[in-house]
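Notes follow once the structure below has been shown.
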Amino acid sequence: MASDHYFTATPAGPEKLRRIRVTLAGRPFEVTTAGGIFSPDHVDSGTEVLLSSTPPPPPGGHLLDLGCGWGPIALSLALQSPRATVWAVDVNERALDLVRRNCDELGLSNVNAVLPADVPDGVSFRTIRSNPPIRIGKNELHSLLERWIPRLDERSDAWLVVQRNLGSDSLQRWLEASFPDGYTVQRASTARGFRVLKVRRHGVTDAGSDAG
């Protein structure tokens, strides 16, 4: 598996399915994970910080987990907002298979685990939650965010968790420079060496007054 990364489309290493106990949306569950994906043995620290530092998701509409891995964010969104449609997006086919398996086991029918290209162009999101794959490189990361952040609905938020020593402050500056009109970028919280960045897309006529 030495040549595999969690952002590899089709990991070549052995699957090595495993069962782990996790807490999602404040409830204990058993889920299935595997080798060749991000953080297969537990909910990683950054995702834990994100889940504990963000408000409850909107109750309806389309919600996006960008870079879903085996699904802790997507599963949490689906549990909290059963009437919403959750899009769990990743390039790793094994990760997407695990999300589907875990949704089946947990009885969640409101999650679409898909490749980025399989999200219909007309879908916009009431929220985006992401522990983005920083290690894909700055240019690739920026392209990823330039693709998805503009798909926020008006008066909606993207929440990104980034390790402080992996460039969270420089990413915040880049976001501010890249989305200057109609958006607000702020550091929402800091915990355990991670920053949670909030990107707010304002309404067309209320960018100056919509601070909520």
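The values are calculated or read from the model by the stated rules, or taken from the named source; none is laboratory data. Remember, predicted model here, so these are calculated numbers, not experimental data. Positions of Cβ are generated from backbone atoms using ideal geometry, with glycine treated the same way; all protein chains shown enter the neighbour counts. Surface areas here come from the heavy atoms of the whole protein model, side chains and all, with no ligands, DNA or RNA. Shrake-Rupley method; radii C 1.70, N 1.55, O 1.52, S 1.80 Å.
So which residues in the stretch 113-126 are surrounded by 15 or more Cβ atoms within 10 Å (Cβ to Cβ) and in contact with a helix residue (DSSP H, G or I) (Cβ under 8 Å, 6 or more places away or on another chain), if there are any at all? First the steps, then the outcome.
Kept after step one, since they are surrounded by 15 or more Cβ atoms within 10 Å (Cβ to Cβ), are these residues of the stretch 113-126: 113-114, 119, 124-126.
Those that are surrounded by 15 or more Cβ atoms within 10 Å (Cβ to Cβ) and in contact with a helix residue (DSSP H, G or I) (Cβ under 8 Å, 6 or more places away or on another chain): Ala113, Val114, Ser124, Phe125.
Go through the residues of the stretch 157-178 one by one and say whether even a single one is under 25 Å from Ala78 (Cα atoms) and among the basic types (Lys, Arg).
Checked against the condition, which is being under 25 Å from Ala78 (Cα atoms) and among the basic types (Lys, Arg), the stretch 157-178 yields no hits at all.
Return only the number of the condition from (1) among the basic types (Lys, Arg); (2) out of contact with any strand residue (DSSP E or B) (no Cβ under 7 Å at 6 or more places or on another chain); (3) over 21 Å from Ile136 (Cα atoms); (4) surrounded by 16 or more Cβ atoms within 10 Å (Cβ to Cβ) that Lys16 does not satisfy.
(4)
Quick check on the stretch 127-136: of everything there that is modelled with pLDDT of 95 or more and either of a type in the set (A, V, I, L, M) or outside any loop (DSSP other than H, G, I, E, B) (or both), which residue is surrounded by the most Cβ atoms within 10 Å (Cβ to Cβ)?
Arg129
Hey, could you check the stretch 67-108 for residues that are among the basic types (Lys, Arg) and touching a residue at least 24 places away in the same chain (Cβ under 8 Å) and say which is nearest to Trp159 (Cα to Cα)?
In this case the residue turns out to be Arg83.
Quick check: anything in the stretch 111-122 in contact (Cβ under 8 Å) with a residue 60 or more places away in the chain and under 15 Å from the mean Cα position of the chain (by Cα)?
Start the filter on the stretch 111-122 by keeping residues that are in contact (Cβ under 8 Å) with a residue 60 or more places away in the chain, which leaves none.
Checking the stretch 111-122: not a single residue is in contact (Cβ under 8 Å) with a residue 60 or more places away in the chain and under 15 Å from the mean Cα position of the chain (by Cα).
Return the residues of the stretch 149-170 that are open to solvent by less than 30 Å² (accessible area, probe 1.4 Å) and closer than 22 Å to Pro55 by Cα; say none if nothing qualifies. Quick ask: steps written out before the conclusion?
Keep residues of the stretch 149-170 that are open to solvent by less than 30 Å² (accessible area, probe 1.4 Å), which gives 149, 152, 156-162, 167-168.
Answer for the stretch 149-170, where residues must be open to solvent by less than 30 Å² (accessible area, probe 1.4 Å) and closer than 22 Å to Pro55 by Cα: Ile149, Leu152, Ser156, Asp157, Ala158, Trp159, Leu160, Val161, Val162, Ser168.
Let me confirm something: among Val43, Val49, which residue is within 20 Å of the chain's Cα centre (by Cα), assigned to a loop (DSSP other than H, G, I, E, B) and at pLDDT 95 or above? Don't jump to the end; show me each part of the working.
Numbers: Val49 fails: assigned to a loop (DSSP other than H, G, I, E, B).
Sole residue among the options that is within 20 Å of the chain's Cα centre (by Cα), assigned to a loop (DSSP other than H, G, I, E, B) and at pLDDT 95 or above: Val43.
Go through the residues of the stretch 74-86 one by one and say whether even a single one is outside any helix (DSSP H, G or I), open to solvent by less than 60 Å² (accessible area, probe 1.4 Å) and touching an Asp or Glu at 6+ places or on another chain (Cβ under 8 Å).
So in the stretch 74-86, the residues outside any helix (DSSP H, G or I) come out as 81-86.
Now restrict to residues that are open to solvent by less than 60 Å² (accessible area, probe 1.4 Å): 81, 84-86.
Those left that are additionally touching an Asp or Glu at 6+ places or on another chain (Cβ under 8 Å): 86.
Scanning the stretch 74-86, I find at least one residue that is outside any helix (DSSP H, G or I), open to solvent by less than 60 Å² (accessible area, probe 1.4 Å) and touching an Asp or Glu at 6+ places or on another chain (Cβ under 8 Å), so the answer is yes.
Being open to solvent by 30 Å² or more (accessible area, probe 1.4 Å), closer than 18 Å to Gly46 by Cβ, in contact with a helix residue (DSSP H, G or I) (Cβ under 9 Å, 6 or more places away or on another chain) and not in a helix (DSSP H, G or I), is that true of even one residue in the stretch 137-148?
Within the stretch 137-148, none of the residues are open to solvent by 30 Å² or more (accessible area, probe 1.4 Å), closer than 18 Å to Gly46 by Cβ, in contact with a helix residue (DSSP H, G or I) (Cβ under 9 Å, 6 or more places away or on another chain) and not in a helix (DSSP H, G or I).
Anything in the stretch 22-53 that is open to solvent by 30 Å² or more (accessible area, probe 1.4 Å), within 18 Å of Ala78 (Cα to Cα) and not hydrophobic (A, V, I, L, M, F, W, C)? List them, or say none.
Of all residues in the stretch 22-53, those open to solvent by 30 Å² or more (accessible area, probe 1.4 Å) come to 23, 25-30, 38, 41-42, 45, 48, 51-53.
Adding the requirement that they be within 18 Å of Ala78 (Cα to Cα) leaves 23, 25-30, 48, 51-53.
If the condition is that a residue be open to solvent by 30 Å² or more (accessible area, probe 1.4 Å), within 18 Å of Ala78 (Cα to Cα) and not hydrophobic (A, V, I, L, M, F, W, C), then Thr23, Gly26, Arg27, Pro28, Glu30, Glu48, Ser52, Ser53 are the ones that fit.
So if I check each of Arg201, Arg129, which one is charged (D, E, K, R) and under 15 Å from the mean Cα position of the chain (by Cα)?
Checking each option against the conditions leaves just Arg129.
Please tell me if Leu175 is open to solvent by 60 Å² or more (accessible area, probe 1.4 Å), touching a residue at least 24 places away in the same chain (Cβ under 8 Å) and more than 14 Å from the chain's Cα centre (by Cα).
Answer is no for this residue.
Considering the stretch 149-186 alone, what residues qualify as being in a helix (DSSP H, G or I), in contact with a Gly (Cβ under 8 Å, 6 or more places away or on another chain) and of a type outside the set (Lys, Arg)?
Asn165
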